[in-house]
Amino acid sequence: MTLGRILAFLTFVLCGLAVAGGSQPGDGSNGEWTIRKDDNPGWVVFGLVEHHPGGKYSDEDDWPASSFPGVDFSKPGRQDVHFTIAREAGKIECEGSLDNGEGSGTFHFQPDPDYAREMQQLGILVDGPKQYRMAVMDVSLKFTRQMKAEHLTGLDADRLVEFRIHNVDTAFIAYLRAAGVRVSDSAMLVDEDKPPVTKYDVQIVQRARELLDSPSQWNRADTRECPAEAKTLSLYCALKKATDEVTGKFEHRGAAMQEARFVIDEIAPNRTSYHHRLMDYNNDPTTTFDDVQKFFRLLEERIAKRVKEESQ
C-alpha cells in the first residue's frame, strides 16, 4: 500500500459521491497513462488519470514490468506501444509511445458487462466509476467471495478496493484471528489511524529494543534505508528488522509502526516540525539514548494495552 494509492482512493470516493447515479457500468471511460522507471529492477511506475462525468480519478504505483504484455522496456530510443490490462471488471486498452523505457499515452476502459451483475448477486453494488477502480485494483469475483465468507460487516465495493490497497486477504484475517484479534468490522482492517494489533506487535517492539540496547548500535542519521549489512540501526530500521524477524512481512504502516508514530506525537517536544516522525525524532539532536529507551517502553505498554482491550 502506498500513500499515493490511499490519496487516490480518497479522490475517487469524493468524485464518486459527486456523480453517483450518473454513470452506468456500460459507459466506459477514457484517460491518460504514464510510465517511468522505478528504482527496483523489473518494475516501473505506472500512472493512470481516468475521466468520468463530474471529475477524474488519479492513481500511480509500482507495477511489475511483466504487467504490460508485448512491451520491451529495455529497448532504446522511441517505440510506439499498445498494451491491454485485462481484469474481470474490464479491459484497460492503452496506446502511446515510450522513449528509452519511459513515456505516456491514452487509454480506454471497457467494462465487462457481466461483472456488475455478478457482483450484485454477491450483494455488492457497482457503478461505472467503481467498476473502473475495481479493474485497476484487480478486485475479482473470487476475492469478493472469499471476503464475503469472512462474514465482515460493512463490506461494499469501496471496502473491497481498500482491501486490495492495504493487502487485506484471507491469510491476513486468519493471522489476526489466530493472534486473538476479534475481526468482524471490515473498517478496522483498513483503519490507518488504529490498525488492529496482535501479540506479535508486542514481540516486534521487544525485539527492536534488543536490537538497540546500547548507544553504539544506534544510527543517529536515519534515511529510512535499511541495508541488511548495517552495523547500526535507527528507530525505523530497528522496527523494520524486528518486524521482518517476527512476522516475515514488513508493512510501512503496520500496527507497530503506526503506534510508534503516535508515541512520538505524545513525547517529542519538536514533533510539529517533523515531516517523517520516526526518522526526524531519531535524527533530532535533542533526542537522547534514554529517550529512545523510554520510547520503546511506552510503545510496548501502549500496544500491550490495546491487545488486551481488543481481545476481550
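Checking each residue in the range 62-89 for being in contact (Cβ under 8 Å) with a residue 60 or more places away in the chain and under 20 Å from SER29 (Cβ atoms) picks out no residue at all.
In the range 283-312, the residue that is nearest to LYS194 (Cα to Cα) out of those that are polar (S, T, N, Q), surrounded by fewer than 15 Cβ atoms within 10 Å (Cβ to Cβ) and modelled with pLDDT of 90 or more is GLN293.
Scanning the range 115-143 for residues that are aromatic (Phe, Trp, Tyr) and within 24 Å of the chain's Cα centre (by Cα) turns up TYR132, PHE143.
Among all residues of the range 221-229, there is at least one that is of a type outside the set (Lys, Arg) and in contact with a Lys or Arg (Cβ under 7 Å, 6 or more places away or on another chain). In the range 102-128, the residues that are free of Cβ contacts under 8 Å to residues at least 40 places away in the same chain form Cβ pairs under 6 Å with partners that are assigned to a strand (DSSP E or B), at six or more places apart or across chains, as follows: ASP112/GLY90. Across the range 63-91, the qualifying residues are those that are out of contact with any Leu (no Cβ under 6 Å at 6 or more places or on another chain) and of a type in the set (Val, Ile, Thr), and the one among them that is surrounded by the most Cβ atoms within 10 Å (Cβ to Cβ) is ILE85. Going through the range 215-259 one residue at a time, which ones are within 16 Å of ARG297 (Cβ to Cβ) and without any contact (Cβ under 8 Å) to a residue 40 or more places away in the chain? Residues satisfying the conditions are ALA238, LEU239, ALA242.
Residue selection: PHE68 satisfies the criterion of being assigned by TED's automatic domain parsing to the domain that holds ASN167 and more than 27 Å from ALA171 (Cβ to Cβ). Across the range 36-62, the qualifying residues are those that are at pLDDT below 80 and closer than 19 Å to GLN110 by Cβ, and the one among them that is farthest from the chain's Cα centre (by Cα) is PRO53. Scanning the range 112-135 for residues that are of a type in the set (A, V, I, L, M) and assigned to a helix (DSSP H, G or I) turns up ALA116, MET119, MET134, ALA135.
Here LYS249 meets the list (1) in contact with a Pro (Cβ under 6 Å, 6 or more places away or on another chain); (2) assigned to a loop (DSSP other than H, G, I, E, B) almost entirely, failing just condition (1). Of all residues in the range 148-178, those satisfying the criterion of being in a helix (DSSP H, G or I) and of a type in the set (A, V, I, L, M) are ALA157, LEU160, VAL161, ILE165, ALA171, ILE173, ALA174, LEU176, ALA178.
Taking the criterion of being of a type in the set (Val, Ile, Thr), without any contact (Cβ under 8 Å) to a residue 60 or more places away in the chain and in a helix (DSSP H, G or I), the residues of the range 265-312 that qualify are ILE267, THR272.
A quick yes/no check of all residues on (1) basic (Lys, Arg); (2) not assigned by TED's automatic domain parsing to the domain that holds PHE46:
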position: TYR115; (1), (2): no, no
position: SER140; (1), (2): no, no
position: GLU150; (1), (2): no, no
position: LEU160; (1), (2): no, no
position: SER186; (1), (2): no, yes
position: ASP191; (1), (2): no, yes
position: LYS194; (1), (2): yes, yes
position: GLN206; (1), (2): no, yes
position: LEU211; (1), (2): no, yes
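The requirement of being in contact with a strand residue (DSSP E or B) (Cβ under 6 Å, 6 or more places away or on another chain), among the polar types (S, T, N, Q) and farther than 15 Å from CYS94 by Cα is fulfilled nowhere in the range 29-47; no residue meets it. Output yes when any residue across the range 260-282 is closer than 16 Å to LEU212 by Cα and modelled with pLDDT of 95 or more, and no when none is. Yes.
The values are calculated or read from the model by the stated rules, or taken from the named source; none is laboratory data. No experiment lies behind these values; they were computed from the predicted model shown. Reconstructed Cβ throughout: ideal geometry from the backbone, glycine too, with neighbour counts over all protein chains shown.
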